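S.K.: I have a structure I would like to understand better, so I am pasting it below and will then ask my questions one at a time.
Nothing in this text is a laboratory measurement; each read-out follows from the coordinates by a stated rule. No experiment lies behind these values; they were computed from the predicted model shown. Here the Cβ positions follow ideal geometry from the backbone for every residue, glycine too, while neighbour counts run over all protein chains shown.
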Amino acid sequence: MKQGLLISFFLLISYVGFSQSYTIFDKKAIKLHQEGDELIQKRMYDEAIEKFKASINREANFLESYLKWGRILLTQGFPDQAIEIADRGLRRNIKGSSNLFGEIAWLKTHSHLKLGDFEAAILEFEQAQMLLNVDFKKTRPFKEIEEQINFIKVELENSYDINKQKLAEPLNQFVLQYFPVLTADSKKMLFTKRNGLENYEHEDIFVSYYDEDSLKWGSPRSIASNINSAYNEGTCTISADGKILIFTSCQMPDSFGDCDLYISYKVNDEWQRPINMGKNVNSRVWDSQPSLSADGRILFFSSNRRGGFGGKDIWFSLRMADGSWSEAKNLGEKVNTSKDEVSPFIYFNNEILFFASEGHVGFGGLDLFISRVVSGDFGDPVNLGFPINDHQDQLALFITAQRDYAYYTETVFNNGVQERSFLYKFKFPDQIDLGERLMVTEGKVLNKNTGEPIKAKLSLVDLVTDSTLYQFESDGRTGEFTMLYPDKPASGLYVEKQGYLPKIYNVDRDSLQNKKNLDVELIPVGAGEEFIFENIFFDFDKDDLKPESRSSLRRLISFMNDNPSVEILIAGHTDNVGSEVYNKDLSLRRAESVKEFLILNGIIEGRLGTKGFGSAKPVSNNDTSENRALNRRITISIL
């Protein structure tokens, strides 16, 4: 696509409108040239070239015919030949008008851009800028190329030092392999493969596993027999824990349009039958190239449906509490343009979106861009620069959670026609900020009384803003979970399952970052059971609840509403600093503050009891500041 159909009307006819005066006087040659012009209007380009060749055979100095011939070659995807013909004409004739030489420089500018010879393109544009007439330099095509050339000048001065590496065998064994995605541990790679270029050689999703002993990727194989079918399956995305797969399938019997998005869940280590994601996500046209957030809550994809800004746009849908998906919305005009935006990739921190676009200023055609979340919305896209972007189409970028490598697809063309595509990687530049380092917490959720695994909801919450950053689920068969999240201060982890007391952590204080074997033991709701009500904050020597307490308080309200017959005792506890009389009074006042909040939010007072224990029930020795902090707490007991 790079610079392909960009060779617009302005490249095939004179930009300023040639008069009937030419650089030669041979009437027969001129007539042949004019016949070539007429064939261009009929889009009979090969026949037009023959006319221009014939006019040159009669008059070898006919510079205008060289120019028209070169323009057609460029539109047909042969920029190197276009330059050769233009240079041949310049060697034969140096008597043309300055504007004619400007048009040849303009042709060569586009040709060098197409070839990725940016330095030569800059020099030719500078020539064109001096020679083309004033009226043409006011047109949109000129201003767009001027903006692009100025952009390229800056980017070349700030280019990255990267080494693109083709992935070694046994990968890259098919004719086409593209759109690589990896799980959060970078040990499993999924990609789309195709055995040939024809439509009947259908697409499938293949998977390869990384062998840490040999430090090599294993032989790729079909992801599952109930995922791949006789139809086309491809361009997939997978949640960080590897439990949710969304992929594209085309011409399926239950599809809404040409290509739809389908979802499958891994249960007991097996992929379940895929389900069409429904009319809220899919449309009557093309819906493809999904990217799922690490926690599986937000889906980004590309679609050419109505309601966008033109061409293919990036859209998104949210996973609701009941597992359904919200009606897809356009991501907006900062990201989307009147041209194509495709292959979105939402990074693991849920705050950085990569995508390919031909509508934002770049090196031409499809370039890769980055957009960051600012105040809840995606901000202005920034080109990823050279040589991540070059004269070829760039798309399907995937950056690992460890930030070590970026994976992508590189396509091989022969005479402008796709011949092969391969999987590549490169070290991702440190200069491109990806936000806070990502933390991993792994473990199991178990029934404390029986040891049985539990399928529970795990929510990572920003305590300052009371916003849910990530949501994950533990596996119902094993209880296992994997959470991936940025290392943000003041975060809380809430583990919830109906019928059980919630388990609440403070990520920093409980040192959950990069913990590999966290056993979360949930206690069934029952009389006499108790849990520590974490993330309830008071100022020193105060009983007023701090705003950071909202997340825990809201979850306690939900627990009470889910269990309407339950009555609770809210108990305050302190360390042993100060008099015990004062500590009991302070602990009671803090418990009363929690009770008052619950009442204000609809919980019947008769269900709530309070007590202040002071320092009488420590959970740790009071010998260090850390231990004293553990003793300053609120507990909830079932009455």
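S.K.: Report the full-extension gain for the segment residue 377 to residue 334: residue separation times 0.36 nm, less the Cα-Cα distance, to one decimal in nm.
M.R.: Numbers: separation 43, 0.36 × 43 = 15.48 nm, distance 0.95 nm.
Result for the pair: 14.5 nm of gain on full extension.
S.K.: Charges on Cβ only, +1 for Lys and Arg, -1 for Asp and Glu, centred on the Cα centroid of the chain; of 326, 255, 593, which one is farthest towards the dipole's positive end?
M.R.: After comparing all options, I get 255.
S.K.: Only loop residues by DSSP count here, and only those with at most 14 other Cβ atoms within 10 Å; note down the trypsin sites (Lys or Arg not before Pro) in the range 283-389 that meet that.
M.R.: Working: sites: 284, 297, 305, 306, 312, 319, 329, 334, 339, 372; in loops: 284, 297, 305, 306, 312, 334, 339.
Passing both the DSSP loop test and the Cβ count: 284, 306, 334.
S.K.: Of 27/138; 31/138; 53/95; 515/546; 329/427, which pairs sit farther than 24 Å apart, going by alpha carbon to alpha carbon? Don't skip to the answer; put the middle values down first.
M.R.: Working: 27/138 34 Å; 31/138 32 Å; 53/95 20 Å; 515/546 28 Å; 329/427 34 Å.
Exceeds cut-off: 27/138; 31/138; 515/546; 329/427.
S.K.: Order of 360, 33 from fewest to most other C-beta atoms within 10 Å? Intermediate results must be reported in sequence, preceding the final value.
M.R.: Values: 360 21, 33 24.
Starting with the residue having the fewest Cβ neighbours, the order is 360, 33.
S.K.: How high is the FRET efficiency from residue 280 to residue 431, r the C-beta distance, R0 51 Å, rounded to 0.05? It would help to have the intermediate numbers written out before the result.
M.R.: Values: r = 39 Å, r/R0 = 0.77.
FRET efficiency, residue 280 to residue 431: 0.85.
S.K.: Just grab the label-to-label distance for residue 525 and residue 175, each label 7 Å out from Cα along the Cβ direction, in nm (one decimal).
M.R.: Taking the simple label geometry, residue 525 and residue 175 are separated by 6.0 nm.
S.K.: List the chymotrypsin sites (Phe, Trp or Tyr not before Pro) within the range 464-540 that DSSP assigns to loop and that have no more than 10 neighbouring Cβ atoms inside 10 Å.
M.R.: Details: sites: 470, 472, 481, 494, 500, 505, 531, 533, 537, 538, 540; in loops: 533, 537, 540.
Answer in residue order: 540.
S.K.: Using unit Cβ charges (K, R positive; D, E negative) and no other charged atoms, how large, in debye to the nearest 20, is the dipole of the range 20-65 about its Cα centre? Present the calculation step by step, with values, prior to reporting the outcome.
M.R.: Numbers: 8 positive and 9 negative charges, 21 e Å.
The calculated dipole for the range 20-65 is roughly 100 debye.
S.K.: Once every DSSP H run of n ≥ 4 in the chain is given -39500 (n - 2.57) and the sum is divided by its residues, what mean residue ellipticity at 222 nm do you get, rounded to the nearest 500 deg cm²/dmol? Write down the numbers at each step before the final one.
M.R.: On the way: 11 runs with 151 residues, N = 639.
Here the helix-only value at 222 nm equals -7500 deg cm²/dmol.
S.K.: Another question, if that's okay. Go through the range 120-222 and name the chymotrypsin sites (Phe, Trp or Tyr not before Pro) that are in a DSSP coil and have 13 or fewer other Cβ atoms within 10 Å of their Cβ.
M.R.: Details: sites: 125, 136, 142, 151, 160, 174, 178, 191, 200, 206, 209, 210, 217; in loops: 160, 174, 200.
Hits after loop and neighbour filter: 200.
S.K.: Moving on. Considering the values (1) 31.7, 110; (2) 32.2, 114; (3) 27.8, 100, which represents Rg and Dmax of the Cα atoms in Å as calculated for the structure under consideration?
M.R.: (2)
S.K.: If r is the Cβ-Cβ distance from residue 213 to residue 269 and R0 is 25 Å, what FRET efficiency results, to the nearest 0.05? List each step's numbers first, then the result.
M.R.: Working: r = 22 Å, r/R0 = 0.88.
It comes out at approximately 0.70.
S.K.: Ok, one more. Full-extension gain between residue 45 and residue 57, please, as 0.36 nm times their residue separation minus the C-alpha to C-alpha distance. It would help to have the intermediate numbers written out before the result.
M.R.: Numbers: separation 12, 0.36 × 12 = 4.32 nm, distance 1.83 nm.
Once the chain is fully extended between residue 45 and residue 57, it gains 2.5 nm.
S.K.: Which links in 444/503; 312/339; 444/497; 108/339; 457/497 stretch past 18 Å when you go from one Cα to the other?
M.R.: Working: 444/503 13 Å; 312/339 7 Å; 444/497 14 Å; 108/339 24 Å; 457/497 6 Å.
Listed pairs above 18 Å: 108/339.
S.K.: Hey, fewest Cβ within 10 Å first, where do 377, 543 land in order? Working shown, then result.
M.R.: Numbers: 377 12, 543 17.
In order of increasing Cβ crowding within 10 Å: 377, 543.
S.K.: Calculate the FRET efficiency for residue 511 and residue 624 from the Cβ-Cβ distance with a Förster distance of 22 Å, rounded to the nearest 0.05.
M.R.: Numbers: r = 15 Å, r/R0 = 0.68.
Plugging the Cβ-Cβ distance into 1/(1 + (r/R0)^6) gives 0.90.
S.K.: To continue, here is another question. Relative contact order, percent, of the chain when contacts are C-alpha pairs under 8 Å separated by at least 6 residues? Walk me through the intermediate numbers first.
M.R.: Numbers: 1446 pairs, mean separation 51.3, N = 639.
Once normalised by length, the contact order is 8 percent.
S.K.: In the chain, with Lys and Arg counted as +1 and Asp and Glu as -1 at Cβ, which of these residues, 428, 502, 246, has the Cα nearest the positive end of the dipole, that is, farthest along it?
M.R.: It is 246, whose Cα lies furthest towards the positive end.
S.K.: A further question follows. How many nm is it between the label spots at residue 151 and residue 165, if each spot is 7 Å from the Cα in line with the beta carbon?
M.R.: Once both label points are built, they end up 3.1 nm from each other.
S.K.: Using the count of nearby Cβ atoms within 10 Å as a rough guide to exposure, how do 430, 295 rank from fewest to most? Don't jump to the answer; show the numbers that get you there.
M.R.: Details: 430 9, 295 25.
Taking fewest neighbouring Cβ atoms as first place, the list is 430, 295.
S.K.: Here is a follow-up. Counting DSSP beta bridges with both partners in the chain, what percentage is antiparallel, nearest 5?
M.R.: Numbers: 108 of 119 bridges.
Here the antiparallel bridges make up roughly 90 percent for the chain.
S.K.: Within the range 147-305, how many lysine pairs that are 8 or more places apart, or on different chains, have C-alpha atoms less than 29 Å apart?
M.R.: Summing the qualifying lysine pairs gives 26.
S.K.: Ok, one more. Tell me, in nm to one decimal, what length is gained between residue 498 and residue 541 on full extension, where the rule is 0.36 nm per residue of separation less the Cα-Cα distance?
M.R.: Numbers: separation 43, 0.36 × 43 = 15.48 nm, distance 3.53 nm.
Between residue 498 and residue 541, full extension yields an extra 11.9 nm.
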